[in-house]
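The values are calculated or read from the model by the stated rules, or taken from the named source; none is laboratory data. Given the structure is predicted, the values throughout are model-derived calculations rather than measurements. Cβ atoms come from the backbone with ideal geometry, glycine included; neighbour counts cover every protein chain shown.
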Protein chains: 2
Amino acid sequence: MSTVATETEQSIEELMQGLGDAAQAAARELAYTPTEKKNDALLAAAQAIRSQTADILAANARDMSSAEQRGLSSALLDRLKLNEDRIEGMATGLEQIAALDDPVGAVMDEWSRPNKLQISRVRVPLGVIGIIYESRPNVTADAGALCLKAGNAAILRGGTEAYHSNHAIMACLADGLAAADLPAAAIQLVPTQDREAVGAMLRMAGTIDVVVPRGGRSLVERVQNEARVPVFAHLDGICHTYIHAAADLERARAIALNAKMRRTGICGAMETLIIDRDVLSTHLTPIVDDLVEAGCELRGDAEACAADSRIKPASEEDWGTEYLDAILSVKTVAGIDEAMDHIAAYGSAHTEAIVTEDAEAAARFLNEVGSAILMHNTSTQFADGGEFGMGAEIGISTGKLHARGPVGVEQLTSFKYVVRGEGQVRP
Amino acid sequence: MSTVATETEQSIEELMQGLGDAAQAAARELAYTPTEKKNDALLAAAQAIRSQTADILAANARDMSSAEQRGLSSALLDRLKLNEDRIEGMATGLEQIAALDDPVGAVMDEWSRPNKLQISRVRVPLGVIGIIYESRPNVTADAGALCLKAGNAAILRGGTEAYHSNHAIMACLADGLAAADLPAAAIQLVPTQDREAVGAMLRMAGTIDVVVPRGGRSLVERVQNEARVPVFAHLDGICHTYIHAAADLERARAIALNAKMRRTGICGAMETLIIDRDVLSTHLTPIVDDLVEAGCELRGDAEACAADSRIKPASEEDWGTEYLDAILSVKTVAGIDEAMDHIAAYGSAHTEAIVTEDAEAAARFLNEVGSAILMHNTSTQFADGGEFGMGAEIGISTGKLHARGPVGVEQLTSFKYVVRGEGQVRP
């Protein structure tokens, strides 16, 4: 390694440690900042976004122009693009987060001991949260605001292609913080686009309490592999819908069509349909009718292909693939045990649904499948913090620790124990 | 690296992965094993421990004899030593864990949505828990039982010096599992003493869900540094007791003496006394009287030394030292802000107490200090799962994620969302 590279890396480590130290100092203050002050900052930031719409659009135009010059895909350009509607959406989003209940300080549980000690468990912020994201500039506002509402300091590291847009949005958040007299380091945007800054964040155990990656599989995979800091994330959303032998056909059709085709690119979209052999001849073709009409490609095992010629043979790889597209794999099983075995072998512990009128089968499925979200007679596309009534979410976690399922404002908190005595000593 | 070394390492990786795969299969079954069956296994294991007392004592005698030959310290020999009382204590411990409420399946929260979806959050086991411990053979029974009660599979890696004792105790746990017809892999003892087995456990992300180290600072530090798997642990317990200007003197004396001297070797023992300058002349000497009489050495800042000649000068290192011994550092402050700054700078986020009759000062301290456990007018030695009424604990965590404070049977669980519908699809 050359001396120059070493110096650059060191200075990025130092830069990031400086952000981290400032974030920690801010977090200590935010931990006991009253709700109103945090809301004032959010509402002032929303106003700043509205009044600085022209600046944000100009910054975004610079990003769009370099992205077009670099020949980025139209999907990426669409994610990067801001317009007045999308900017108003950011402002409204901040106001919605201001309207959420403040989780901090809530007493989660309290009890007293025979020796009269009063013990309570109280919600506190997590501390410092790092967000690593890609091309969507709105994440700057959403993620910064959610962290702030839960009393956390945020270190935001957006994508290079959204550099100017993110800075313009960050300026509005900074205005909001200043208006409420909150520390500027409560929300910080990493000022360098050097990729090493991401590596530095992932090594900042003891300074950053948790990292949330927002983006595609390769970003999440890098973060999960490299992080020495806890991560809230899901790598894949290989969601299954299991059409049980006692499924009502009309429900099965509506649920399968919605779970696959409402939006194919979200993590809660169904990727594999599992169907009981007993209803293969009655249920499969009507379901396939709807899906094919909606433009879906189907890949199945030998029995599924034999039952409906529109299904093409699936490879072993298909069962473990998150298509995020209008493609569905179809697996035939002998019954619920085989269905659950398939999910255990190929699933990603995100969301699985059973369609059945048999309460006992539903109870077994909901009880025995180990994924973060289990559903009965409904669409996996409901796997979403907003749909769960949790308000805005920063992502969905398939990890088993701390935050599981939708990660909203409450999931961005920790807790502490408060013990009140009157001079008790331990015998 | 020689070919031989590579082969050895590979075979240990393979051995450990084999244990991990078996544990995962067992965990899938344990996740929905009824409470009674788990309790039957625990009660049968308790009986097996009683009936195999002679075998356990013989195995322990072999361990003690090699430990003595190797010249291990008397403290370590004491931790390793089993006798009939300690063996009966293990059996009773298993029965107490059987008597705890089963956390699995408990509905933590439930609500319904405007679209009539019924959502609930249900406790589930974490999965596979790795325990890495040192010389105390009773951890084999305690940790295995706590994991089993919470529906988890356990992989136990005890200290080399307790090899035969651990295997004799494991045989009793295996008898208990067999009696209740539970999978043998529900509790597994790592069969090799190769240190590489620990490294392999720490890398088994995706197989082991969480690792709990039980032992001294060097073990915990190694685990925290090397683990690619989440860890529940505390590195240090640098606990503070702050004698506020409005402290009642008699309470302050009793609490300080108890917090330091009841047992000096536990993580909840006070290591630093912080005292307000305003009460230095009235409160310090009586507190020091008690401590010196009980055999405590004192090290303080210049003001504390000037106030009481029995206090010797502290070095900078003292403020960050967990003595685990009859030594106390004494810090003088101008008031609550300086006290909280000192705790933020030198504390380990474990347990801190304030002694004061001023409700406002107490409220500020409990609210603003960020440690896992905050106390008012009581002894830090109460920082313990049993004293909190949580039953047996596997340790105390100072991490902010998932399990914080005492880690008991409930903290060894995760949760999942269950969504019940009647055919709803997402618009």
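Couple of notes before you dig in:
- Condition check for B:Met201: in contact with a strand residue (DSSP E or B) (Cβ under 6 Å, 6 or more places away or on another chain), crowded, with 24+ Cβ neighbours inside 10 Å and in a helix (DSSP H, G or I): yes
- Number of the exception - B:Leu328 against (1) in the same structural domain as B:Leu249 (by TED's automatic domain parsing); (2) touching a His at 6+ places or on another chain (Cβ under 6 Å); (3) farther than 27 Å from A:Tyr32 by Cβ: (2)
- The requirement of being more than 9 Å from every other protein chain (Cβ to nearest Cβ) and either without any contact (Cβ under 8 Å) to a residue 24 or more places away in the chain or within 19 Å of A:Pro103 (Cα to Cα) (or both) is satisfied by A:Ala359.
- Contact map, region A:372-387: residues that are facing another protein chain (nearest Cβ under 7 Å) and closer than 16 Å to A:Ile243 by Cβ paired with residues that are in a loop (DSSP other than H, G, I, E, B) and of a type in the set (Val, Ile, Thr), Cβ distance under 6 Å, separation 6+ or inter-chain. Pairs shown: A:Ser379/B:Val425.
- Pairing residues of region B:112-136 that are under 26 Å from B:Ala59 (Cα atoms) and touching a residue at least 12 places away in the same chain (Cβ under 8 Å) with residues that are surrounded by fewer than 17 Cβ atoms within 10 Å (Cβ to Cβ) and among the small types (Gly, Ala, Ser), at Cβ distances under 7 Å and at least 6 apart in sequence or on separate chains, gives B:Glu134/B:Gly216.
- Filter result for B:Asp21 (among the charged types (D, E, K, R) and within 14 Å of chain A (Cβ to nearest Cβ)): yes
- Total residues in region B:362-371, condition more than 7 Å from chain A (Cβ to nearest Cβ), outside any loop (DSSP other than H, G, I, E, B) and in contact with a strand residue (DSSP E or B) (Cβ under 8 Å, 6 or more places away or on another chain): 2
- From B:Arg214, B:Arg228, B:Arg253, residue being in contact with a helix residue (DSSP H, G or I) (Cβ under 6 Å, 6 or more places away or on another chain), outside the structural domain of B:Thr160 (by TED's automatic domain parsing) and on the phi < 0 side of the Ramachandran plot: B:Arg253
- Residue within region A:385-400 that is assigned to a strand (DSSP E or B) and farther than 19 Å from A:His234 by Cα present: no
- In the condition set (1) over 14 Å from A:Tyr242 (Cα atoms); (2) touching a residue at least 24 places away in the same chain (Cβ under 8 Å); (3) in a helix (DSSP H, G or I), A:Thr264 is compliant with all but (3).
- Some residue of region A:215-230 being out of contact with any Cys (no Cβ under 8 Å at 6 or more places or on another chain), in a loop (DSSP other than H, G, I, E, B) and away from chain B (no Cβ under 13 Å): yes
- With respect to the conditions (1) buried (at least 19 other Cβ atoms within 10 Å of the Cβ); (2) touching a residue at least 12 places away in the same chain (Cβ under 8 Å), A:Gln224 lacks only one, and its number is (2).
- Among the residues of region B:339-351, the one identified as within 12 Å of chain A (Cβ to nearest Cβ) and within 12 Å of B:His244 (Cβ to Cβ) is B:Met340.
- Members of region B:334-361 that are surrounded by fewer than 23 Cβ atoms within 10 Å (Cβ to Cβ) and outside any loop (DSSP other than H, G, I, E, B): B:Asp337, B:Glu338, B:Asp341, B:His342, B:Ala344, B:Ala345, B:Tyr346, B:Ala359, B:Glu360, B:Ala361
- Any hit, region B:235-242, residues being of a type in the set (Phe, Trp, Tyr), over 18 Å from B:Phe382 (Cβ atoms) and surrounded by 19 or more Cβ atoms within 10 Å (Cβ to Cβ): no
- The set of residues from region A:332-356 being out of contact with any Leu (no Cβ under 7 Å at 6 or more places or on another chain) and either outside the structural domain of A:Gly295 (by TED's automatic domain parsing) or farther than 19 Å from B:Ala25 by Cβ (or both) comprises A:Val333, A:Ala334, A:Gly335, A:His350, A:Thr351, A:Ala353, A:Ile354, A:Val355, A:Thr356.
- Total residues in region B:24-45 satisfying the condition of being crowded, with 16+ Cβ neighbours inside 10 Å and among the charged types (D, E, K, R): the figure is 3.
- All conditions in (1) under 30 Å from A:His376 (Cβ atoms); (2) more than 9 Å from chain A (Cβ to nearest Cβ); (3) of a type in the set (Val, Ile, Thr) hold for B:Val425, with the sole exception of (2).
- Members of region A:62-94 that are of a type in the set (Asp, Glu) and surrounded by 16 or more Cβ atoms within 10 Å (Cβ to Cβ): A:Asp63
- Unique residue being of a type in the set (S, T, N, Q), at negative phi and within 14 Å of another protein chain (Cβ to nearest Cβ) when the list is A:Thr33, A:Thr53: A:Thr33
- Scanning region A:398-422 for residues that are more than 8 Å from chain B (Cβ to nearest Cβ) and touching a helix residue (DSSP H, G or I) at 6+ places or on another chain (Cβ under 8 Å) yields A:Ala403, A:Gly408, A:Val409, A:Leu412.
- Scanning region B:267-310 for residues that are farther than 20 Å from B:Ile343 by Cβ and either among the basic types (Lys, Arg) or not in a helix (DSSP H, G or I) (or both) gives B:Ala294, B:Gly295, B:Cys296, B:Glu297, B:Asp308, B:Ser309, B:Arg310.
- Residues in region A:103-112 that are surrounded by 19 or more Cβ atoms within 10 Å (Cβ to Cβ) and away from chain B (no Cβ under 12 Å): 1 in all.
- Residue within region B:184-207 that is over 25 Å from B:Ser11 (Cβ atoms) and of a type outside the set (D, E, K, R) present: no
- The residue that is farthest from A:Leu298 (Cα to Cα), among those in region A:235-259 that are within 11 Å of chain B (Cβ to nearest Cβ), among the charged types (D, E, K, R) and in contact (Cβ under 8 Å) with a residue 60 or more places away in the chain, is A:Asp248.
- Residue match in region A:162-177 (condition: acidic (Asp, Glu), assigned by TED's automatic domain parsing to the domain that holds A:Arg217, surrounded by fewer than 24 Cβ atoms within 10 Å (Cβ to Cβ) and assigned to a helix (DSSP H, G or I)): yes
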